[in-house]
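Peer 1: Below is one structure. I have some questions about it.
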Amino acid sequence: MNEKQYYRFFTYAFLHNGISHLLLNLLLFVFAGPPVEKQIGRVNFLMLFISTVIFSAIICFIFADRPLVGSSGFGYGILGMLTWFVMRKNRIVDKESKNIIILSVITSFIFTLTYSNASVLGHFSGFIMGIFIGGVIDINRSGSKVQQ
């Protein structure tokens, strides 16, 4: 990265490698984003976006040998947050939704591992950050009920 171009750790998420890349990300955001935002609120959803985008960029900058484009790290952050909901002991997610979430996560990672241009590090780091942010939100809400 060129000197003092730190903004690139964030702005890459608004660039995509073609229309299919953009549409796949939008599909994930449209279907998985609203239920997560409803559960955690707009401010926490924004925190999820910013943290997954920046964390994915840092991981890929350190370990990958090619530039990163697209907001897939955020999409996988949403999947990570949904996975956090599934892992919780209380009943945030019903049994049928848990099955759909698990299937979606598995399918998404199969796609990541089989599609040659996918950023495995970007997707995986976004997913891990989504789970982590879920835990942070729970710690901050200790003693209070999660919105239903």
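Peer 1: Among the residues of the range 91-124, write down those that are basic (Lys, Arg) and open to solvent by less than 80 Å² (accessible area, probe 1.4 Å). Give the steps one after another, and end with the answer.
Peer 2: Start the filter on the range 91-124 by keeping residues that are basic (Lys, Arg), which leaves 91, 95, 98.
Result: LYS98, single match.
Peer 1: In addition: Among PHE74, PHE49, PHE29, PHE45, which is in contact (Cβ under 8 Å) with a residue 12 or more places away in the chain and open to solvent by 40 Å² or more (accessible area, probe 1.4 Å)?
Peer 2: PHE29
Peer 1: Now for a separate question. Quick test for you: out of GLY126, GLY134, GLY80, GLY70, pick the one residue that is outside any helix (DSSP H, G or I) and in contact with a helix residue (DSSP H, G or I) (Cβ under 6 Å, 6 or more places away or on another chain).
Peer 2: Residue meeting the stated conditions: GLY70.
Peer 1: Determine whether LEU23 is over 25 Å from ILE92 (Cα atoms) and part of a helix (DSSP H, G or I).
Peer 2: Yes, satisfied.
Peer 1: With the structure loaded, tell me whether VAL86 is touching a helix residue (DSSP H, G or I) at 6+ places or on another chain (Cβ under 6 Å), surrounded by 14 or more Cβ atoms within 10 Å (Cβ to Cβ) and part of a loop (DSSP other than H, G, I, E, B) or whether it fails that test.
Peer 2: Here the answer is no, as VAL86 does not meet what is asked.
Peer 1: Being of a type in the set (S, T, N, Q) and under 17 Å from THR83 (Cβ atoms) is the filter here; which residues of the range 21-46 pass it?
Peer 2: Answer for the range 21-46, where residues must be of a type in the set (S, T, N, Q) and under 17 Å from THR83 (Cβ atoms): GLN39, ASN44.
The values are calculated or read from the model by the stated rules, or taken from the named source; none is laboratory data. None of the values given here were measured: they were computed from a predicted structure. Glycine also receives a Cβ, built like all others from the backbone with ideal geometry; neighbour counts cover every protein chain displayed. Protein only, heavy atoms only, side chains kept; ligands, DNA and RNA dropped before computing areas. Shrake-Rupley method; radii C 1.70, N 1.55, O 1.52, S 1.80 Å.
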